[in-house]
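Quick notes on the structure that follows.
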Amino acid sequence: MAERTFYNWSKQFHCTPQRVHEPRSETEIIDIMAELSRRNAHMRVFGGGLSPGDIAMSNEELILVTNFDRVLNIDVDAATVVVQPRVTLAALSHELASHGLALPVLGSVAEQTVAGAIGTGTHGTGLKFGTLSTLVEGMRLVTPNGDVLNISAAENPELLNAVRCHLGSLGVITQVTLRVCRAFDLEATERPNTLSTVLDSLPERLRRDHYRFWYIPHTDRVWEWSATRTPPEQTERLGPWRRLGTWFNGRIVDHHVYESLLHLATYRPSLIPNINKLGARTRFSKPCYSMGPSFSQFTFDCLFKQHVNEWSIPIEHTAEALRSIRELITQKGYYAHLPIEVRFVGGDDIWLSPCQGRDSCYIGVIAYIPHARPHHHEAYFADFERLMAAFGGRPHWGKFFKFQATELARRYPQRIFDRSDDIWIRVIGYGTHSRTECFEHSVRKSGSYFCIEPSWNGHSGKSRWGWPRGCW
């Protein structure tokens, strides 16, 4: 069989697995998992490849869920939908819209698969809403030895909060049941402001249905976005001239002009502060207002290829953290691309959710790769991670980070990792262990980054599910 190489969207990470499995039915998945267990093999499930990190990569074995891309059932009265794992959020949103339904919240990008989005704790913004993992009402999972588990409030409920943010490490998902809502529109207002003004009145701003802002490094400017939910029939649509203007600014100015300027700055990085100031004066200087279906308002074009590093911190540290980032960039002389995105997400009780136990502020820094030419960002990202860690931060599972296993373990409540009861054994394969051991057997170093593997030979013997003893 010819070798196949798989890339993530930015092409920062890739893998060339020894074997690739592409099942067409749940029965085939069961057989594959049983065979992998007998051979004591490692595998990952590869979906859309949208993660900026390498969480779905493996040079050993990959399972592709390409053939599992159907919406199986929509219950309008119950406001639930059952989907296969490879369905994208975009495809699901369009299908729901035809039934007068919508996902309650979305992130900035909707090309991810449902299984990947919930598995990494993908999020949007708005303190009334959690990550997409919180929408999971049920799941059908083929475990590592080929058993099939139905998990919901009615069946195996003790496992639900373990699998909602699964990291792709508990088996192969064949079905997901999501909670949805009646379709709604968003009236969005965008406007420039100063960082000090926003931070000084942040609690008031966070009362809005959805709120986020982008800080423009090397300036004191931010770009605010806030949105109010309204019934669909009350919203006017953009006229053709405004749609043309939106297309021109997005496609011509943002893509081609901005990318070309950043490409020039890879030869002379000192241009970046002036490029950012130019952006603040031109693209982010005039308030604007838009109305439309929730899907089109939540999402936007993330432009060209990029490195992204995003962390969740307790919301009470938001202002201090942003001021510290601004000071870090100034003191260290880093040339930071715009923007630094700041979003807000409600807390949950999902075991490995970055929002576990707390309302959270997500802060993400970016380094574009204009015309395939990288911008040197390694020291900037490393200092950003250290700063986020100092504020009790947890990295976004699907994005780039370098945190060690022992540090990851300290970020989550002790009670999660010190379980010795049957619930924990059923999820990760063994009972008495420390939280540090858990992460040491679930995070591997590969070059200069870390990712999640499904199993390790760190302990002798097999788990109840047939994997070598290990966990996430």
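The values are calculated or read from the model by the stated rules, or taken from the named source; none is laboratory data. Source: prediction; values computed, not measured. Note: ideal-geometry Cβ built from the backbone for every residue, glycine included; neighbour counts use all protein chains shown.
Can you tell me which of GLN234, GLN297 is buried (at least 18 other Cβ atoms within 10 Å of the Cβ), under 21 Å from HIS94 (Cα atoms), modelled with pLDDT under 95 and polar (S, T, N, Q)?
Working: GLN234 fails: buried (at least 18 other Cβ atoms within 10 Å of the Cβ).
Result: GLN297 is the single residue among GLN234, GLN297 that is buried (at least 18 other Cβ atoms within 10 Å of the Cβ), under 21 Å from HIS94 (Cα atoms), modelled with pLDDT under 95 and polar (S, T, N, Q).
So which strands (runs of 3 or more DSSP E) are wholly in the stretch 257-354 and hold at least 3 residues that are over 28 Å from ARG394 (Cβ atoms)?
288-293
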- Task: Determine whether THR318 is surrounded by fewer than 18 Cβ atoms within 10 Å (Cβ to Cβ) and either touching a strand residue (DSSP E or B) at 6+ places or on another chain (Cβ under 7 Å) or free of Cβ contacts under 8 Å to residues at least 40 places away in the same chain (or both).
- Result: no
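For every residue, the table says whether it meets (1) in contact with a helix residue (DSSP H, G or I) (Cβ under 8 Å, 6 or more places away or on another chain); (2) farther than 25 Å from CYS302 by Cβ; (3) not acidic (Asp, Glu).
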| site | (1), (2), (3) |
| --- | --- |
| LEU103 | yes, no, yes |
| VAL114 | yes, no, yes |
| GLY126 | no, no, yes |
| LEU132 | yes, no, yes |
| SER169 | no, yes, yes |
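So in the stretch 130-151, with the set limited to residues that are hydrophobic (A, V, I, L, M, F, W, C) and either in contact with a Phe, Trp or Tyr (Cβ under 6 Å, 6 or more places away or on another chain) or surrounded by fewer than 20 Cβ atoms within 10 Å (Cβ to Cβ) (or both), which one is nearest to THR27 (Cα to Cα)?
Taking the stretch 130-151 first, the residues hydrophobic (A, V, I, L, M, F, W, C) are 132, 135-136, 139, 141-142, 148-149, 151.
With either in contact with a Phe, Trp or Tyr (Cβ under 6 Å, 6 or more places away or on another chain) or surrounded by fewer than 20 Cβ atoms within 10 Å (Cβ to Cβ) (or both) added as a condition, the list becomes 148-149.
Details: VAL148: 10, LEU149: 13 Å.
My answer is VAL148.
Scanning for something outside the structural domain of ARG326 (by TED's automatic domain parsing), part of a loop (DSSP other than H, G, I, E, B), small (Gly, Ala, Ser) and at pLDDT 95 or above, does the stretch 122-142 turn up at least one residue? Reasoning before the result, please.
Going through the stretch 122-142, the residues outside the structural domain of ARG326 (by TED's automatic domain parsing) turn out to be 122-142.
Restricting the remaining residues to those that are part of a loop (DSSP other than H, G, I, E, B) gives 122-125, 127-131.
Restricting the remaining residues to those that are small (Gly, Ala, Ser) gives 124, 130.
Checking the rest, the ones that are also at pLDDT 95 or above come to 124, 130.
Yes, the stretch 122-142 has at least one match.
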- Output for the stretch 386-402, where each listed residue is touching a Lys or Arg at 6+ places or on another chain (Cβ under 9 Å) and crowded, with 20+ Cβ neighbours inside 10 Å: MET388, GLY393, ARG394, PRO395
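For VAL345, are the conditions met, namely being outside the structural domain of LEU106 (by TED's automatic domain parsing), within 23 Å of ARG411 (Cα to Cα) and touching a Ser or Thr at 6+ places or on another chain (Cβ under 8 Å)? Give the steps one after another, and end with the answer.
Numbers: outside the structural domain of LEU106 (by TED's automatic domain parsing): yes; within 23 Å of ARG411 (Cα to Cα): yes; touching a Ser or Thr at 6+ places or on another chain (Cβ under 8 Å): yes.
Judged against the criteria, VAL345 is a match.
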- Which of the residues belonging to the stretch 147-203 are part of a helix (DSSP H, G or I) and assigned by TED's automatic domain parsing to the domain that holds THR125? PRO157, GLU158, LEU159, LEU160, ASN161, ALA162, VAL163
